[in-house]
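Structure, as structure tokens:
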Amino acid sequence: MTRIRRGYRARRRRTKMRLFASSFRGAHSRLTRTITQQKIRALISAHRDRDKKKRDFRRLWITRINAVIRERGVCLSYSRLINDLYKSQLLLNRKILAQIAILNRNCLYMISNEILDPLE
């Protein structure tokens with residue numbers, strides 16, 4: 001009986017994994033078993049860090065808004081400003097407020113003054 005040549009599908013699967021791991025260093029881009037392990041690790045890290053990135057940006061926006069507000073002394077704190085925003089039903093998210101705080105501080109001061117006047 002003649003020998004059967006096998007492995008087309010397996011080879012195709014392995015080359016696909018090798019392409020994914022081509023930028024890894026050392027055995028992580030050469031050996032099939034370590035490539036699969038590193039691929040799993042990489043995908044887990046990517047999934048985890050997508051959520052972490054959202055948290056980090058929210059922290060950055062809050063820090064920026066708080067710094068600009070305290071610098072001028074318009075409000076006592078960031079939490080006061082956000083509370084007043086909700087009370088006056090002005091729907092601006094933190095990302096937009098942070099951009100306004102950096103690019104156009106006077107606009108943020110005007111917004112905070114408009115909020116404070118009707119509440120007092």
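The values are calculated or read from the model by the stated rules, or taken from the named source; none is laboratory data. The model shown is predicted, which means the values in this text are computed figures rather than measured ones. As a convention, Cβ positions derive from the backbone with ideal geometry for all residues, glycine included, and neighbour counts pool all protein chains shown. These accessible areas exclude ligands, DNA and RNA; they are computed on the full protein's heavy atoms, side chains included. Shrake-Rupley method; radii C 1.70, N 1.55, O 1.52, S 1.80 Å.
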**Request:** Hand me the trypsin sites (Lys or Arg not before Pro) from segment 1-49 located in a DSSP loop with no more than 11 other Cβ atoms within 10 Å, in residue order please.
**Result:** Arg3, Arg5, Arg6, Arg25
**Request:** Using the structure shown, select from Lys52/Lys95; Lys16/Lys52; Lys16/Lys53; Lys53/Lys87 the pairs with a Cα to Cα distance greater than 18 angstrom.
**Result:** Lys16/Lys52; Lys16/Lys53; Lys53/Lys87
**Prompt:** At a 1.4 Å probe radius, carbon and sulfur cover how many percent of the accessible area of segment 1-41?
**Reply:** 51
**Request:** Taking the Cα atoms of the chain, report the difference between the largest and smallest coordinate on each principal axis, in whole Å and largest first.
**Result:** 95, 27, 20
**Request:** First compute the accessible area of segment 80-120 with a 1.4 Å probe, then give the percent of it belonging to carbon and sulfur atoms.
**Result:** 52
**Item:** Extension gain (nm, one decimal) between Asn106 and Arg3, 0.36 nm per residue minus Cα-Cα
**Value:** 29.0 nm
**Request:** Would you mind checking the tilt of helix 8-20 against the longest principal axis of the Cα atoms of the chain, expressed as 0 to 90 degrees and rounded to 10?
**Result:** 40
**Item:** Within the chain, helix-based [θ] at 222 nm, where runs of 4 or more DSSP H residues each add -39,500 (n - 2.57), nearest 500
**Value:** -25000 deg cm²/dmol
**Complete:** Over the chain, with neighbouring protein chains present, the accessible area per residue in Å² at probe 1.4 Å is 83
**Message:** 5 Å is the cut-off here: which amide hydrogens, built 1.01 Å from N in the peptide plane, fall below it relative to Arg30, excluding neighbours closer than 5 in sequence?
**Reply:** none
